[in-house]
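Have a look at this one.
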Amino acid sequence: MAAQTLDIAELEPAELEAAVATLGVERFHARQMYRWVYRRGLEHFDGMTDLSLPVREQLEAALTITTPEVTAREQSSDGTQKFLLTLADGRTIESVFIPDTPAMTFCVSTQVGCAMRCGFCLTGQMGLVRNLSAGEIAGQVRVLARELALQDRRFNIVLMGMGEPLHNYDATMKALRMLAAPEGLALTPRRVTLSTIGILPALERLAHEPWLPNLAISLHATTDRLRHELIPTSRTQRLADLVAACRRFPMKHRDRITFEYVLLDDVNDTEADATRLVKLLRGLRAKVNLIPLNEAPGIPFRRPSDRRVDRFARSLASAGLTVSVRKSRGRDIRAACGQLIVEGGPRCSPGQRAAEILSD
Ligand code: SAH
């Protein structure tokens, strides 16, 4: 029976209301259930004490609340925590908690693996295993909030874990709507950042969303030739078109688009790159977030020296760009950018475990 497989974790509030109505259960109970699931992290109906016992039993028989399971949890010396989560089909994903950026931030995955194949990213080397469902994306937030007892606190979400959010568009946007529900975690768009290589048709679609997260574009290069080399799946797109789409992107007063730029030693960190980057972003409400490469075995690039990173940052800043250098968090537990890969993948070299913190 279809009703027996109905999974609350995959439903927006209106869908849940409709689903309970077909069971003959009052619609307002849907709002109560949503609160229990999102604000209290419940996975079963027996704990929903403001529902009558017969209603709870009826719901338990007809509905499920599929929730990723915490298989491992590691804490970095800097307070970052990496969660290995197992999904209903046995696949695993990673989600990361970063405690003080200065806000608290959850870094969430949108796919198992990734199809973008960026040459410097371990997740890219895995290839795409499958998309996550909306319930699996939002489920990571439910689980982390519960495990960290943060359900009643404010936190940020960055879609910067495994996967390319715009390559799993519908599930990603549905997950955000579920998390935004007032009867759920009441997440506001300002607290969410969607990071993407900038797949153009999807970016245009995103521009029309009523619930618009902050946008971060993984730029990484200032010439088409180099960008196509670093991000092979961007080969059908030109940088000029991507930047033009960013110029058209709707933004509220004072908002800016973040441009992420992984710094690769002697590849994209020269003075000429800095000059081209300034020119490319001229007139855009932009901020540049430099990410010195997190090295890993099998990644054919090097992290530039701090001196080089500093010089690049200063060149941009002196030309009037807002620049930050991303602190590398959780490198000792392989929770840093581009290091998310499920077990069985390449491991960190011991030398890498000396996590070095760069200042913002
Ligand atoms: N698919 C999305 C989210 C990826 S992860 C995107 O491409 O934006 C978030 C950021 O980490 C991206 O900018 C990505 O390019 C960067 N990243 C990937 N591997 C990295 C590495 N080894 N070192 C530093 N940053 C890396």
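Could you give the angle, 0 to 90 degrees to the nearest 10, between helix 28-39's Cα long axis and the longest principal axis of the Cα atoms of the chain?
The angle comes out near 40 degrees.
Of the options V108, H44, A138, report the single residue whose Cα projects farthest towards the positive end of the charge dipole of the chain (beta-carbon charges: Lys, Arg +1; Asp, Glu -1).
So the residue furthest toward the plus end is V108.
Within the set of other residues whose C-beta is less than 10 Å from the C-beta of A319, count the net charge using Lys and Arg as +1 and Asp and Glu as -1.
Neighbour charge sum, excluding A319 itself: +3.
Could you calculate, for the chain, the ratio of the Cα radius of gyration to the Kirkwood radius, expressed as Rg to Rh?
Rg/Rh: 0.99.
Still on this model: Would you mind calculating the gained length between T322 and T49 on full extension (0.36 nm times residue separation, minus the Cα-Cα distance), in nm to one decimal? It would help to have the intermediate numbers written out before the result.
Values: separation 273, 0.36 × 273 = 98.28 nm, distance 5.06 nm.
Taking 0.36 nm per residue and subtracting the Cα distance, the gain is 93.2 nm.
Next up: For the chain, find the longest principal axis of its Cα atoms and tell me its angle to the long axis of helix 134-147, 0 to 90°, nearest 10.
Orientation of helix 134-147: about 90 degrees from the principal axis.
What spacing in nm lies between the two simple spin-label points modelled at D152 and A103, each 7 Å away from Cα in the Cβ direction?
Result: 2.1 nm between the two label points.
While we're on this one: Which one, C118, L150, G320, is farthest towards the positive end of the dipole of the range 69-357 when Lys and Arg carry +1 and Asp and Glu -1 on their Cβ?
G320
Run the accessible area of the range 3-64 with a 1.4 Å probe and give the carbon-and-sulfur part as a rounded percent.
Carbon plus sulfur share of accessible area: 54 percent.
Ignoring ligands, DNA and RNA, what accessible area per residue does the chain give at 1.4 Å, in Å²?
Working: 15490 Å² over 360 residues.
Accessible area per residue: 43 Å².
Another question, if that's okay. Please calculate the 1.4 Å probe accessible area of T236, with all protein chains present, and give it to the nearest 10 Å².
Spelled out: T236, probe radius 1.4 Å, area about 130 Å².
Separate question: Please return the longest range in the chain lying between exposed loop sites, taking GluC sites (Glu not before Pro), DSSP loop only, at most 11 other beta-carbon atoms within 10 Å, and leaving the sites out.
1-342
Let me ask something else. Let me check I've understood the local charge: for A221, count other residues with C-beta under 10 angstrom from its C-beta, Lys and Arg +1, Asp and Glu -1. What total comes out?
Numbers: positive: R225, R227, R276; negative: D224, E229, D273.
Cβ neighbours under 10 Å give a net charge of 0.
Could you work out how much longer the chain between E74 and E271 gets when fully extended? Use 0.36 nm per residue separation minus the Cα distance between them, nm to one decimal.
67.0 nm
Per DSSP H run of n ≥ 4, the term is -39500 (n - 2.57); total these for the chain, divide by its residue number, and report the mean residue ellipticity at 222 nm rounded to 500 deg cm²/dmol.
Rounded to the nearest 500, the figure is -9000 deg cm²/dmol.
Let me ask something else about it. Compute the angle between helix 13-22 and the longest alpha-carbon principal axis of the chain, please, reported from 0 to 90 degrees and rounded to the nearest 10.
Rounded to the nearest ten degrees, it is 20.
A further question follows. How much accessible surface does T322 have with a 1.4 Å probe, in Å² rounded to 10?
We get 60 Å² for T322.
The values are calculated or read from the model by the stated rules, or taken from the named source; none is laboratory data. Everything quoted here is computed from the prediction, not taken from an experiment. Don't worry about glycine lacking a Cβ; one is built from the backbone with ideal geometry, like all the others, and counts go over all protein chains shown. Keep in mind that these areas ignore ligands, DNA and RNA; they rest on the heavy atoms of the full protein, side chains included. Shrake-Rupley method; radii C 1.70, N 1.55, O 1.52, S 1.80 Å.
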